[in-house]
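Trainee: Pasting a structure here, questions to come.
Read-outs throughout are calculated quantities, based only on the coordinates presented, and are distinct from any laboratory measurement. Since the structure is predicted, the reported quantities are computational estimates derived from the model, not experimental observations. Cβ coordinates were reconstructed from backbone atoms using ideal geometry, including for glycine residues, and neighbour counts include every protein chain displayed.
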Amino acid sequence: MNQSKEDTISQLKALNIRGEIYHTRLTRKFENRKKWIKPNEKQLLSYIPGTVCQIFVKSGDKVDRQTRLLILEAMKMQNIIYSPVAGEIKNICVKEGEKIKKGVVMIEFK
């Protein structure tokens, strides 16, 4: 069974990429994907699950960008986590020895 050109065009969806509009068919997987959300610069999230081995800062400390904050051990590797921003530590949300999942808030900045 042949579809008319108008039926085909009505099935196409507009896709905006850097201001350019493209008309295409979108898969159900693409339409149901998790939407991107701008990260909160005031929170430092764990990017992998692991165990917090050592914390080098405390609440109220002033830190520069690239200041060493903590060590997160994952898959037998110790990952040193550095500050992504300059500012003041508002809250440390993890404890040494604590096992955390991916996406957990580890440190909050003022």
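Trainee: Along each of its three principal axes, how wide is the spread of alpha-carbon positions in the chain, in whole angstrom units, largest first?
Mentor: Largest first, the chain extends 67, 30, 18 Å along its Cα principal axes.
Trainee: Ordered by residue, what ³J(HN,Hα) values in Hz, to whole numbers, does segment 43-60 give under the Karplus form 6.51 cos²θ - 1.76 cosθ + 1.60, where θ = phi - 60° and Gly and Pro are x?
Mentor: Calculated HN-Hα couplings, in order: 10, 9, 9, 6, 9, 9, x, x, 10, 6, 8, 8, 10, 9, 10, 9, 4, x Hz.
Trainee: Can you work out the FRET efficiency for the pair residue 110 and residue 68, with r the C-beta to C-beta distance and R0 = 22 Å, to the nearest 0.05? It would help to have the intermediate numbers written out before the result.
Mentor: Numbers: r = 19 Å, r/R0 = 0.86.
Computed FRET efficiency for residue 110 and residue 68: 0.70.
Trainee: Counting only other residues whose beta carbon sits under 14 Å from that of residue 48, what net charge do I get with K and R as +1, D and E as -1?
Mentor: Around residue 48, the charge tally is +3.
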